[in-house]
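Trainee: Sharing a structure here in structure tokens format.
The values are calculated or read from the model by the stated rules, or taken from the named source; none is laboratory data. The structure displayed is predicted, hence computed values, not measured ones. Cβ: placed from backbone, ideal geometry, glycine included. Neighbour counts: every protein chain shown. Ligands, DNA and RNA are stripped out before the accessible areas are found, and what is left, the full protein with its side chains, is counted by its heavy atoms. Shrake-Rupley method; radii C 1.70, N 1.55, O 1.52, S 1.80 Å.
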Amino acid sequence: LTEKSIGFQIDGIIKESKRTAGDYSYLVYQFVGLDADILRRVSDSIAAKLDKKSVILLISDKGQCICRVSKDLKGVVSAGDILGKILKPLGGSGGGRDDFAQGGLKDTKKIEQVLNKAQEVIKEELSK
């Protein structure tokens, strides 16, 4: 996949994967074949379309993860905390700021577990 081809798919990805938790929205999605730099730029594009009160977690098939939290959720949830709670129990690591964090998973066989854990942690964090 190229960044350009993904750009055409972003609206469909949002429509298919966006979930809500109260007044908030979140999106968890796995990409195949993206390096960390393109994953980060794709997260920029998705964040621009989701805009307010949103949390995004993207993971590549290589185990790289990005978590973004919209700026209006500052003080409510932290991207660094969310990513840590998702990756650490599964042997990964990561960290960052309140609005952006990145990390990785050493064992790519655990990606499905990361996707499930992300849904659980994000819903939990947004319901505090």
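Trainee: Checking G63 against (1) open to solvent by less than 20 Å² (accessible area, probe 1.4 Å); (2) in contact with a helix residue (DSSP H, G or I) (Cβ under 6 Å, 6 or more places away or on another chain); (3) over 18 Å from D107 (Cα atoms): exactly one of these is not met. Which one?
Mentor: Evaluating G63 over (1) open to solvent by less than 20 Å² (accessible area, probe 1.4 Å); (2) in contact with a helix residue (DSSP H, G or I) (Cβ under 6 Å, 6 or more places away or on another chain); (3) over 18 Å from D107 (Cα atoms) leaves (3) as the failure.
Trainee: Would you be able to say whether some residue in segment 13-21 is of a type in the set (V, I, T), open to solvent by less than 60 Å² (accessible area, probe 1.4 Å), closer than 20 Å to L83 by Cβ and under 15 Å from the mean Cα position of the chain (by Cα)? Spell out the reasoning first.
Mentor: Initial filter on segment 13-21 (of a type in the set (V, I, T)): 13-14, 20.
Now drop any that are not open to solvent by less than 60 Å² (accessible area, probe 1.4 Å), which leaves 13-14.
Checking the rest, the ones that are also closer than 20 Å to L83 by Cβ come to 13.
Subset that is under 15 Å from the mean Cα position of the chain (by Cα): 13.
Looking for residues that are of a type in the set (V, I, T), open to solvent by less than 60 Å² (accessible area, probe 1.4 Å), closer than 20 Å to L83 by Cβ and under 15 Å from the mean Cα position of the chain (by Cα), one finds at least one in segment 13-21, hence yes.
Trainee: Search segment 9-23 for residues being of a type in the set (A, V, I, L, M, F, W, C) and part of a helix (DSSP H, G or I), and hand back the single one that is nearest to V76 (Cα to Cα).
Mentor: Initially, segment 9-23 is screened for residues of a type in the set (A, V, I, L, M, F, W, C), giving 10, 13-14, 21.
With the extra rule that they be part of a helix (DSSP H, G or I), the set shrinks to 10, 13-14.
Details: I10: 26, I13: 25, I14: 23 Å.
Going through the qualifying residues, I end up with I14.
Trainee: Here's another thing I want to ask about it. Restricting the search to segment 26-42, which residues are at pLDDT 95 or above and either open to solvent by less than 40 Å² (accessible area, probe 1.4 Å) or not in a strand (DSSP E or B) (or both)? Steps first, answer last, please.
Mentor: As a first pass, look at segment 26-42 and keep what is at pLDDT 95 or above: 26-30.
Correct list: Y26, L27, V28.
Trainee: What are the residues in segment 73-95 that are buried (at least 20 other Cβ atoms within 10 Å of the Cβ), touching a residue at least 24 places away in the same chain (Cβ under 8 Å) and either touching a Gly at 6+ places or on another chain (Cβ under 9 Å) or among the acidic types (D, E) (or both), if any?
Mentor: Listed by number, the residues that qualify are A79, L83, I86, L87, G92, G94.
Trainee: From the list E124, E120, exactly one residue is open to solvent by 70 Å² or more (accessible area, probe 1.4 Å) and either closer than 16 Å to S17 by Cβ or assigned to a strand (DSSP E or B) (or both). Which is it? Spell out how you get there, then give the answer.
Mentor: Numbers: E124 fails: either closer than 16 Å to S17 by Cβ or assigned to a strand (DSSP E or B) (or both).
Being open to solvent by 70 Å² or more (accessible area, probe 1.4 Å) and either closer than 16 Å to S17 by Cβ or assigned to a strand (DSSP E or B) (or both) holds for just one of E124, E120, which is E120.
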